[in-house]
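*Asks:* To start, I am sharing the structure in question, which I have written as structure tokens.
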Number of protein chains: 2
Amino acid sequence: MKEITGGVCAAKGFLAGGIRCGIKPSSQKKDLALIYSKTNCSAAAVFTTNKVKAACVVLSENHIADAKLRAIIANSGNANACTGQAGIKTAKRMAQLVADNLLIDPSDVAVASTGVIGVPLPVDLIEKNIDALKQNLRSDELGHNAALEAIMTTDTKKKDIAVQIEIDGKAVHIGAMTKGSGMIHPNMATMLAFITTDAAILPSALNTALRQAVKKSFNRLTVDGDTSTNDMAVVMANGEAGNTTITGECENYKIFYNALEYVCIDLTKKMARDGEGATKLVAVKVTGAENEDTAEVLAKSAASSSLVKAACFGADANWGRVLCAMGYGAHNAGVNFNQDNVNISFSSKAGTVQVCKNGGSIEFSEEKAKLILLEEEIDIIIELNDKDGEATVWGCDLTYDYVKINGDYRS
Amino acid sequence: MKEITGGVCAAKGFLAGGIRCGIKPSSQKKDLALIYSKTNCSAAAVFTTNKVKAACVVLSENHIADAKLRAIIANSGNANACTGQAGIKTAKRMAQLVADNLLIDPSDVAVASTGVIGVPLPVDLIEKNIDALKQNLRSDELGHNAALEAIMTTDTKKKDIAVQIEIDGKAVHIGAMTKGSGMIHPNMATMLAFITTDAAILPSALNTALRQAVKKSFNRLTVDGDTSTNDMAVVMANGEAGNTTITGECENYKIFYNALEYVCIDLTKKMARDGEGATKLVAVKVTGAENEDTAEVLAKSAASSSLVKAACFGADANWGRVLCAMGYGAHNAGVNFNQDNVNISFSSKAGTVQVCKNGGSIEFSEEKAKLILLEEEIDIIIELNDKDGEATVWGCDLTYDYVKINGDYRS
């Protein structure tokens, strides 16, 4: 596997583009994106678990039901959430506009929105600009970049990746883009992830692969504990690479899955690193748990704790907060661990320091710990020594800028 | 019922005091408190649900088992949590020192600690100063104030109350103090609450009353989503008021219960108002839910949301975040509400403005909303219009100062 350029356009047969249609107020930023496959695709998607679902989520859940897609239209600046029946009509209209322009079936269009909640989405702006959007479609990295810019909100960095693998001697590509910075929490954040591949793969195998990869990546990401109304991760596979169709638990499936997981974890880390106001990527790694689910629960609780996050910001080796967060996380989820077996270390490229042994304090150099925690990428390593369950959760620190960004997001 | 002065010493037969023994580093603040009843007490207590429990919690759970207490010793500056078997020995030693000095049984002493986790508690400092602490016991408000000062950590305000009620023509008093500012979340926060009363009441009735009052107050308080290892609420009733012993669901029980609930809710609001870095008290009031538990779940989710809290700080009428938080809270807890029936208003002494009707946006004056949200006490009023369950949860805004305080708490 090697990383390549091109983003979602790295996969053969995909076009992408992005323009400004005017939904985002008071800026000249792009706000409307389109990704399109020239040929039919297998498709799979995962959506927010929030009971309050945006209109586009309701519609796209419906459109993915037959495991086929040809295009994704996405806007930023307005979430089309809490907008009632009018919102559903708007989402349908977006799909229809794409279908009419690209001469495809509206049920083969996924619709995604991100932005402010509770404000009607001015679909007339999309209607006026849909032809321009189509004219802007390109099969190269410029098309990818334009689409990516158009889905960003408070994101400060582009988050994308493309990889190439070999299956049956054929070059197979996976390209992806994501947005997401605030309101990010398992399961699914205010994040949109659009993944393209030219692999030939059965819809059922694609669905299994996406769900498994999302479980190990996007669902182990936390920025602020808020799960959005609008999240979705969509993958489209058009088979243009010409490999023998991947059917399930064969060797080729494993090659494909590993690449997909790599892509999703890479995007997860990029989102955590670009968490609203974040100065640090914090990976919480739990090993030795009763099972993988327990490891995930405990890692999530530590990575989500405002106090742990604030301590990371302050480069303070406050391991008691880590253990405390594991304790209430275990209570809330009804899982167990043996407190007396817990070891905790902090690690970064500046080194590693153990700060807790068998659930209690040990002597360590505060100076060394400070140097380790001043780095931009920190690992909190928790050894439970119970059994062999393990999981990593990615988060970030809690900073002044998080408060600043979210104290006045709407205006 | 009327509010009176005196705090925990307002109840007849109680003494209190507080001194500095040196546990709190680099300050001249008091750090050791004692509350003592001259006569035997019925007692009840509620403790943290965190699976990682401080040594003092483990010990005090044991000491309360017979529903009797005579004294509470509490220190600040060190939580005696994650301190292993040595920590248990330390907590026992604290109880024994009180018992030896006051000539009572060590099992009649509750022990409480608050402060940094994972550092051995220097019990020798308590041993050296236990006699001075006993000498400082007083039966008036000065004793109460000294004890209260000695349990405060990042608290910026004293949080206490005392009330007088009449039962059987006798004056009955309830006095209380609490500390708690950060790491506060249902169920039980890093909060200590010590309540005294001279009511005569059976232990079983006292226990029922405390649990019910805590459910309606302390367990509906959230500051930052972190549930501490050390929380406890303890009530001692010595019967010195001379009323006929309250036995259970009689009229006198109701009078007593209402006063106890009033005291607990008052302290809850004071803690939320003094949340770390908080500039505002935010009460989230849900009515019309399927039942009280559903109302509580939804109110907690909204009050706990970092995004809702940051919007309160910024005086931004961002009701979409409120509805969004209700949506993921409902998913996580497995409860339901009808999104299309939801009305949301913001209210304060500057007025009331409805911002959401039937789950969607309505026109409102942003200017008026801003004025309402600039007040120091804000109500977020959520009408579900399903059935008649209701609950109020108290929280605060998320501010720069929260990050500042917690980015460098240990040092």
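*Asks:* Could you compute the net charge surrounding B:GLU127? Neighbours are other residues with a C-beta less than 12 Å from the C-beta of B:GLU127; K and R count +1, D and E count -1.
*Replies:* It works out to a net charge of -1.
*Asks:* Nm distances between the label at A:ASP131 and the same-position labels in the remaining copies, 7 Å along Cα→Cβ, shortest first?
*Replies:* Here the equivalent label points are 9.7 nm apart from this one.
*Asks:* Which residue is it, in chain A, that holds its beta carbon closest to the axis of the A-onto-B rotation, and how many whole angstrom away?
*Replies:* Looking at chain A's Cβ atoms against the axis toward B, the nearest is A:TYR400, 2.
*Asks:* Counting DSSP beta bridges in the protein assembly as shown, what percent are antiparallel, to the nearest 5?
*Replies:* Percent antiparallel among DSSP bridges in the protein assembly as shown is about 70.
*Asks:* So between B:ALA171 and B:ARG211, what do we pick up on full extension, going 0.36 nm a residue minus the alpha carbon distance?
*Replies:* My answer for the length gained is 12.0 nm.
*Asks:* Per DSSP helix of 4 or more residues, -39500 (n - 2.57); summed, then divided by the residues of chain B. What does that give at 222 nm, rounded to the nearest 500?
*Replies:* -11000 deg cm²/dmol, from helical runs alone.
*Asks:* Note down the net charge around A:LYS30, summing +1 for each Lys or Arg and -1 for each Asp or Glu among other residues with Cβ under 11 Å from its Cβ.
*Replies:* +1
*Asks:* Moving on to the next point. When only alpha-carbon atoms are used, what values of Rg and Dmax, in angstrom, describe the protein assembly as shown?
*Replies:* Using the Cα atoms of the protein assembly as shown, the pair Rg, Dmax is 28.7, 94 Å.
*Asks:* Could you give me the percent of Cα pairs per 5 Å distance bin for the stretch B:254-411, shortest bin first, beginning at zero and ending with the bin that holds the maximum distance?
*Replies:* Percent of pairs per bin, in order: 2, 10, 17, 21, 19, 15, 10, 4, 2, 0, 0.
*Asks:* State the answer as a single residue: which of A:ALA205, A:SER217, A:TRP319 lies farthest towards the positive end of the charge dipole of the stretch A:196-322, with beta carbon charges of +1 for Lys and Arg and -1 for Asp and Glu, about the Cα centre.
*Replies:* Sorting the options by dipole projection puts first A:TRP319.
*Asks:* What longest region of chain B stays clear of GluC sites (Glu not before Pro) that DSSP places outside H, G, I, E and B and that have at most 14 other Cβ atoms within 10 Å?
*Replies:* Longest run free of exposed loop sites: B:1-248.
*Asks:* Further question on the same structure: Using the alpha-carbon centroid of each, what span in Å lies between the stretch A:329-378 and the stretch A:1-62?
*Replies:* Using only Cα atoms, the two centres lie 39 Å from each other.
*Asks:* So in the stretch B:2-271, what percent of DSSP beta bridges are antiparallel if you round to the nearest 5?
*Replies:* Percent antiparallel among DSSP bridges in the stretch B:2-271 is about 70.
*Asks:* Counting each pair of different Cα atoms once, what's the Kirkwood radius of the stretch B:1-71 in Å, rounded to one decimal?
*Replies:* The Cα-based Kirkwood calculation yields 14.8 Å.
*Asks:* Using DSSP H assignments, which helices in chain A have an axial alpha-carbon span of 15 Å or above and a mean Kyte-Doolittle hydropathy of -1.0 or higher?
*Replies:* Those that clear 15 Å and a mean of -1.0 are A:84-102, A:123-135, A:141-151, A:203-216, A:251-273, A:292-304, A:319-333.
*Asks:* State, to one decimal in nm and shortest first, how far the label point of B:PRO25 sits from each corresponding label point in the other identical copies (label point: 7 angstrom along Cα-to-Cβ).
*Replies:* Copy-to-copy label distances for B:PRO25: 4.9 nm.
*Asks:* Need one number: the % of Cα-Cα pairs in the stretch A:1-138 sitting beyond the 22 Å mark.
*Replies:* Result for the distance tail: 36 percent.
*Asks:* Which distances, shortest first and in nm, link B:ASP340 to the matching position in the other copies, using label points set 7 Å out along Cα to C-beta?
*Replies:* For B:ASP340, the other copies' label points sit at 5.8 nm, shortest first.
*Asks:* B:ASP401 label point, 7 Å along Cα→Cβ, cut-off 11 Å on backbone N: hits in the stretch B:267-309?
*Replies:* The answer is B:274-280.
*Asks:* Then there is this: Dipole of the stretch B:281-407, Cα-centred, from +1 at each Lys and Arg C-beta and -1 at each Asp and Glu C-beta, to the nearest 20 debye?
*Replies:* It works out to roughly 320 debye.
*Asks:* Here is a further query. Which value in Å is the Kirkwood Rh of chain A over different Cα pairs?
*Replies:* This gives a value of 21.7 Å.
*Asks:* Quick check on my link table: of A:LYS370/B:LYS309; A:LYS309/B:LYS24; A:LYS29/A:LYS134; B:LYS12/B:LYS68; A:LYS157/A:LYS370, which ones sit more than 22 Å apart, alpha carbon to alpha carbon?
*Replies:* With Cα atoms farther than 22 Å apart: A:LYS370/B:LYS309; A:LYS309/B:LYS24; A:LYS157/A:LYS370.
*Asks:* Determine the sum of side-chain charges near B:GLY288: Lys and Arg each +1, Asp and Glu each -1, restricted to other residues whose C-beta is under 10 angstrom from that of B:GLY288.
*Replies:* Every neighbour counted, the sum reads -4.
*Asks:* Among B:VAL119, B:VAL46, B:VAL57, which one moves the most in a GNM of chain B with springs linking Cα atoms closer than 10 Å?
*Replies:* Of B:VAL119, B:VAL46, B:VAL57, the Gaussian network model singles out B:VAL119 as fluctuating most.
*Asks:* Next question, about the same structure. What is the distance in Å between the Cα centroid of the stretch A:231-255 and that of the stretch A:274-315?
*Replies:* 32
*Asks:* Here's a follow-up. Share of antiparallel DSSP beta bridges in the stretch A:281-407, in percent to the nearest 5?
*Replies:* Around 75 percent antiparallel, to the nearest 5.
*Asks:* Same structure, new question: In a GNM of chain B with a 10 Å cut-off on Cα contacts, which of B:GLY18, B:GLY87, B:GLY275 has the highest mean-square fluctuation?
*Replies:* Among B:GLY18, B:GLY87, B:GLY275, the largest mean-square fluctuation in the Gaussian network model of chain B belongs to B:GLY87.
Where a number appears in this text, it was derived from the coordinates with a stated rule and is not lab data. Small disclaimer: the values here were computed from a predicted structure and weren't measured. With ideal geometry, Cβ positions are generated from the backbone for all residues, glycine too; neighbour counts draw on all protein chains shown.
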